[in-house]
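The values are calculated or read from the model by the stated rules, or taken from the named source; none is laboratory data. These numbers were taken from a predicted model, which means no experiment stands behind them. Every residue, glycine among them, receives a Cβ derived from its backbone with ideal geometry; neighbour counts consider all protein chains shown. The accessibility values were calculated without ligands, DNA or RNA, using every heavy atom of the protein model including side chains. Shrake-Rupley method; radii C 1.70, N 1.55, O 1.52, S 1.80 Å.
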There are 2 protein chains.
Amino acid sequence: MASTVKLLFCFLLTISFLSLFPLSSSAKQHPLDPLTPAEFNLVKIIVKRAYRLIPHNISFQYVGLDEPEKQAVFLWQSNPARIPHRRARVVTRLNKQTHDIIVDISTRSVFSNKIYKGNGFPLLTIEEQEAATELVLGYGPFKASMKKRGLNISDVVCSTSTVGWFGEKKSKRVLKIPCFYTEGTVNMYLRPIDGITIVVDLDEIKISEYHDREIAPIPKPEPTEYRLSHMKPPFGPRMNNAATVTANGPGFTLDGHTIKWANWNLHVGFDARIGSIISMASIYDLEKHKYRRVMYRGYISELFIPYMDPSEGWYYVTYFDNGEFGFGLTAVPLEPLNDCPANAVFMDGYFAGQDGSPVKSPNAICIFERHSGDIMWRHTEAEMPGDVREVRPEVSLVVRMVATVGNYDYILDWEFKPSGSIKMGVGLTGVLEVKPVTYTNVDQIKEDAHGTLVAENTIGVFHDHFLNYHLDLDIDGDANSFVKTNLVTKRNTEAKTPRKSYWTVERETAKTEFDARIVLDSKPVELALVNPNKKTKMGNHVGYRLVPGFAASPLLTADDYPQIRAAFTNYNVWVTPYNKSEKWAAGDHVDQSHGDDDLLTWTNRYNFIAH
Amino acid sequence: MASTVKLLFCFLLTISFLSLFPLSSSAKQHPLDPLTPAEFNLVKIIVKRAYRLIPHNISFQYVGLDEPEKQAVFLWQSNPARIPHRRARVVTRLNKQTHDIIVDISTRSVFSNKIYKGNGFPLLTIEEQEAATELVLGYGPFKASMKKRGLNISDVVCSTSTVGWFGEKKSKRVLKIPCFYTEGTVNMYLRPIDGITIVVDLDEIKISEYHDREIAPIPKPEPTEYRLSHMKPPFGPRMNNAATVTANGPGFTLDGHTIKWANWNLHVGFDARIGSIISMASIYDLEKHKYRRVMYRGYISELFIPYMDPSEGWYYVTYFDNGEFGFGLTAVPLEPLNDCPANAVFMDGYFAGQDGSPVKSPNAICIFERHSGDIMWRHTEAEMPGDVREVRPEVSLVVRMVATVGNYDYILDWEFKPSGSIKMGVGLTGVLEVKPVTYTNVDQIKEDAHGTLVAENTIGVFHDHFLNYHLDLDIDGDANSFVKTNLVTKRNTEAKTPRKSYWTVERETAKTEFDARIVLDSKPVELALVNPNKKTKMGNHVGYRLVPGFAASPLLTADDYPQIRAAFTNYNVWVTPYNKSEKWAAGDHVDQSHGDDDLLTWTNRYNFIAH
């Protein structure tokens, strides 16, 4: 890697110039705070300066905090004078190559710059997606295709679709462009213009493939309206508005990105790729008079959405929404009173535009105390004399963001409870991605339609959503073990009673990453992360249980390309030792990836986790 | 059954006397309304009159509405003049026999009376349980046992435990009596006095068995306090109080037992055995200008809680909380602001005492509009020009009750959403049932302790809670089919694309009750009740999906007595045709039952459900 070293040397020359740049907020900064607008600007200048001898335009595909090593953060926590180096991770495209760059903000220098030689491409920028769709709308053959269909080009809106990887030896950085007809509707996804394959080369910014394959029907614009203000009667039931009124304010304090609420202390970050990030969540121990660590970092690491139609227009629709489109880039402004209740506090996010300049994502995160009407704990003592009763209503803290990736809106909640539990919730809403068909009634369908006829000429195509949560749990410290508790049936041979059977528990501590891969099936297990060095007064390990909801497993064949790329879905739970570089379940550069730098690869590479 | 017919004749003589009894509220009554206090009194008089020639005391084990046949209720709905016969179901113990009696309230007569010859005993009354514990506290040998242990008898509280069935040919109606030491605590369940077997014969009201087997340690009273008002510092975090404020009132109307809210119309009942019952839930169709049926009846039909310790003191602890103790009998008054939020409306329940007189269960049910801060539906249109955004906050209606069966408090919620969905929620809280041991640290435990050491000398014994929901869904009418949709992997042989696989759906309509038994394992299925005679405009069946949470299966061996009695847990889903008499998943008379009149028996008996 001689060239990398050479470049690095070249970058170090730029320090003296850039160290003059002021960073007003750095004094109070938490090492895990997302980059500030000033820092984005600084990073942009540092990188552009580094490239000053090279004539090409640089495209910033990703700029975000390069988080310090965990131990450095805890060192800072115990001694705030020991501020870790503030660094940014930058991914650029330059001269058809991906550069992985680390910028040291503290020293105003490029710390490292590597040309990425592996498979896959970085996060897409909003600007290049816009450029690609504009290209199509101005493209002669496309205009002719619209004319042939009798469509008014000014009512056509195009979107972008990643193309996946299907065994090609060499991939170009391309997008496919689906287009929609918006005449009579704002619900464009329900009026797809099908039958045209359009491929845009993102490095050349040109249309590299165009086939008008067939003229498909376009579903009608009615009834696709969803805005109440534009609807005609009959209206649905009038819903009561309500406000949660807390006499003593919002119930939490927000200092920069750090929240203190009830017995919780946690940090909320924002990132172009993964959206909201929870860091250093810890819980106050009343008896030990100190916070005890629970989770170092928690975020959604990937989201895989394979559609189930093998035909020409759909086979490649196998999105990786985090790694391709970015949950931070697609975060939408939260609407007060509707997206978040009246008592919510809002937080802006920032990411870098394609030119490296900071872009504000207003009201990207909201934080609120939830008073849902649930009961936290209660008991009425019916057998003792007297009126013994204690009821405590549930209160929780919610950190919410919404990522709207095209047609789907993902409501991403982190909920913290005074009991110590953390609940991750994903709400899936928005509109469907549909395929136009000639059918107007299911009776006409004689073959596999690969979906459900949801309206005339409209098939809602079958698909899955697989989310991977990266949870770096540090229960009471970072030496944690993964314990699987099996519930096993026993015959009663010990007691002289007529009872014939019972169940008991058998615990296994995972010794390797292989042991810790779990498919949640009907076998009764309880999963826990414990700290084997910390025990309760009774001698039980201190730990956290992982309580899954209804679990799903992939149904694609193991040799199918989308499944190779989304091998993280092979198991419901994986446990890997801390490694700062292992952030994203489907790998760093996911667009058109080959599945060779992912959770499966890491688990094959390292093989030891037990403490 | 000659004797039954004779009794019936005898009862008919009483009509003229009883028909004088006024029932003021009957004019506005819904056929599924629970019995009123006046009706309980009337039923008591009708039954007592019928028994007037027999000297023994009658014990009313159960009195509740004998619901009319479904078709009679719908006939009334379309023509309110056609009021179905108002009947009560009464279960009495008389002369060591169980009588199943139907009282016709409309005609003030006993409609039928059958001596139950099968296995199992009826619901326990609160009074007989109190009598049994009083008997023990006054029993000489018991006082001596307490003295031997150095315990103050005035600090001893006894409870009741059903004894199950373990293969005995002939069973007496008995209870076992566990006792607790309350010195220094109100949390009696955490100070069990172990090592004594006490059996009370309920028909004789006498102690039929007494063995002081061994002196076990009694866990210390500290730290078992749960009342905040009695706690010493350090206190947990102060929680914000909050009120949900709705400018336009509670958002629903309550007329008798009928609730109208948003697009829902439903009836809420109350029963000694099963607690809250939802009836005739229907949803308003804006286009058809009428309510469409969704669920005729919904309630928790049984709750099975087997403990997992085979030893003498524990092997029989295999409760059926509904059929033995009754969710209505154990309903506790809901505490405003804590059990239910500020905007809740409360409803009283009534049941019959052992003498047949009505007993009020104040604030047994609360109904409230939930504004949880969730989002019902949203979309931000990022790809269209203009600011297109629509966000609708979630609002739902909750019908709640709490049944405190000894140590456990079950929070039983029915939640109705404007989307049409119904969510059943069970919150499990209260305190543990524990076993005293000599251990003070897990390191001392060398054998299977059958539980977790939760405090010094205190094992929280392993156990399960299996709930069965009886859901009589009548989607858009009563001819419904049960459809299982299997998601199956297919190889791509149809399209000339590099995609290798996809999944599609294969639907099966259950033809028999056998087909419809479902174990929820890792095989991907979707379950639905559909109305095959009603189709959407697109030709899809109108239906409701059953969306399970994480499902559990029993771990007892199939030949073990508790499992034979709780065969309803063998499958996660059962579907049976409507039969008014098939109400309770573990059978009518569950205490000491043999599992010969339950969901499994019915499924073996009838065998056809498809439409």
- Note on the structure: Scanning the stretch A:408-423 for residues that are open to solvent by 10 Å² or more (accessible area, probe 1.4 Å) and in a loop (DSSP other than H, G, I, E, B), the one nearest to the other protein chains (Cβ to nearest Cβ) turns out to be A:Pro418
- Can you give me the number of residues within the stretch B:28-42 that are closer than 14 Å to B:Phe270 by Cα and either surrounded by fewer than 17 Cβ atoms within 10 Å (Cβ to Cβ) or modelled with pLDDT under 95 (or both)? 1
- Message: For the structure I just gave you, tell me whether A:His589 is within 19 Å of the chain's Cα centre (by Cα) and either in contact (Cβ under 8 Å) with a residue 60 or more places away in the chain or within 8 Å of chain B (Cβ to nearest Cβ) (or both).
- Response: yes
- If you scan the stretch A:251-272, which residues turn out to be of a type outside the set (A, V, I, L, M, F, W, C) and facing chain B (nearest Cβ under 8 Å)? A:Gly251, A:Asn263
- Task: Would you mind stating whether B:Asn540 is open to solvent by 20 Å² or more (accessible area, probe 1.4 Å), touching a helix residue (DSSP H, G or I) at 6+ places or on another chain (Cβ under 7 Å) and of a type outside the set (Phe, Trp, Tyr)?
- Result: yes
- Considering only strands (runs of 3 or more DSSP E) wholly within the stretch B:259-355, the ones with at least 3 residues that are open to solvent by less than 20 Å² (accessible area, probe 1.4 Å) are B:264-271, B:275-285, B:290-306, B:345-352
- Message: So, in the stretch B:554-571, exactly how many residues are open to solvent by 50 Å² or more (accessible area, probe 1.4 Å) and either at pLDDT below 95 or assigned to a loop (DSSP other than H, G, I, E, B) (or both)?
- Response: 3
- Message: Checking the structure you have, find out if any residue of the stretch A:441-462 is at pLDDT 95 or above and under 20 Å from the mean Cα position of the chain (by Cα).
- Response: no
- Message: Looking only at the stretch A:218-234, filter to residues that are surrounded by fewer than 16 Cβ atoms within 10 Å (Cβ to Cβ) and of a type in the set (D, E, K, R); which one of those is nearest to the other protein chains (Cβ to nearest Cβ)?
- Response: A:Arg227
- Message: Of all residues being of a type in the set (A, V, I, L, M, F, W, C) and at the interface with chain A (Cβ under 7 Å from one of its Cβ atoms) in the stretch B:360-388, which is most open to solvent (accessible area, probe 1.4 Å)? Just the residue, please.
- Response: B:Ala382
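Results for (1) touching a residue at least 40 places away in the same chain (Cβ under 8 Å); (2) within 13 Å of chain A (Cβ to nearest Cβ), shown as yes or no for each residue.
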residue	(1), (2)
B:Phe180	no, yes
B:Ala216	yes, no
B:Gly236	no, yes
B:Thr244	yes, yes
- Filter result for the condition that a residue is in contact with a Lys or Arg (Cβ under 7 Å, 6 or more places away or on another chain) and open to solvent by 40 Å² or more (accessible area, probe 1.4 Å), over B:Ile198, B:Ile205, B:Ile153: B:Ile153
- Kindly indicate whether B:Gly328 is touching a strand residue (DSSP E or B) at 6+ places or on another chain (Cβ under 6 Å), within 30 Å of B:Val530 (Cβ to Cβ) and modelled with pLDDT of 95 or more. no
- Message: For B:Tyr189, only one of the following conditions fails: (1) surrounded by 18 or more Cβ atoms within 10 Å (Cβ to Cβ); (2) in a loop (DSSP other than H, G, I, E, B). What is its number?
- Response: (2)
- Item | Residues of the stretch B:478-489 satisfying the condition of being crowded, with 17+ Cβ neighbours inside 10 Å and facing chain A (nearest Cβ under 9 Å) | B:Leu487
- Query: Does B:Thr504 satisfy being within 30 Å of A:Ile564 (Cα to Cα), open to solvent by less than 20 Å² (accessible area, probe 1.4 Å) and β-branched (Val, Ile, Thr)?
  - Reply: yes
- Search the stretch A:524-540 for residues that are of a type in the set (Asp, Glu) and pair each with any residue that is surrounded by fewer than 20 Cβ atoms within 10 Å (Cβ to Cβ) when their beta-carbon atoms are under 6 Å apart and the residues are at least 6 apart or on different chains. A:Glu526/A:Thr485
- Task: Could you please let me know if A:Ala551 is at pLDDT below 95, farther than 14 Å from A:Ser301 by Cβ and outside any helix (DSSP H, G or I)?
- Result: yes
- So B:Ser481 clears everything in (1) touching a Ser or Thr at 6+ places or on another chain (Cβ under 6 Å); (2) farther than 27 Å from B:Lys583 by Cα; (3) not assigned by TED's automatic domain parsing to the domain that holds B:Leu412 except one condition, right? Which one? (2)
- Query: Give me the pairs: first residue in the stretch A:393-416 and under 15 Å from A:Ala364 (Cβ atoms), second residue open to solvent by 10 Å² or more (accessible area, probe 1.4 Å) and of a type in the set (Ser, Thr, Tyr), beta-carbon distance under 6 Å, and six or more apart or on different chains, which are they?
  - Reply: A:Ala403/A:Thr330; A:Thr404/A:Thr330; A:Thr404/B:Thr380; A:Val405/A:Thr330; A:Asp409/A:Thr429
- Task: Specify the residue that is farthest from B:Thr489 (Cα to Cα); the eligible residues are those in the stretch A:520-561 that are facing another protein chain (nearest Cβ under 7 Å) and among the polar types (S, T, N, Q).
- Result: A:Asn540
- Just to be sure, is A:Ile115 among the β-branched types (Val, Ile, Thr), over 19 Å from A:Lys583 (Cβ atoms), in contact with a strand residue (DSSP E or B) (Cβ under 9 Å, 6 or more places away or on another chain) and part of a strand (DSSP E or B)? yes
- Using the structure shown, decide if B:Arg378 is over 30 Å from B:Glu324 (Cβ atoms), assigned to a strand (DSSP E or B) and not aliphatic (A, V, I, L, M). yes
- Message: Quick check on B:Pro498: is it in contact (Cβ under 8 Å) with a residue 24 or more places away in the chain, within 10 Å of chain A (Cβ to nearest Cβ) and either assigned to a loop (DSSP other than H, G, I, E, B) or of a type in the set (A, V, I, L, M, F, W, C) (or both)?
- Response: no
- Any residue in the stretch A:167-179 that is assigned to a loop (DSSP other than H, G, I, E, B), closer than 30 Å to A:Trp76 by Cα and open to solvent by 50 Å² or more (accessible area, probe 1.4 Å)? no
- Among A:Val426, A:Val391, A:Val399, the single one that is in a strand (DSSP E or B) and at the interface with chain B (Cβ under 7 Å from one of its Cβ atoms) is A:Val391
- Item | Subset tally (residues that are farther than 13 Å from B:Lys580 by Cβ and in contact with a Lys or Arg (Cβ under 6 Å, 6 or more places away or on another chain)) for the stretch B:63-111 | 7
- Taking the stretch B:515-541 only, how many residues are part of a strand (DSSP E or B) and of a type outside the set (A, V, I, L, M, F, W, C)? 7
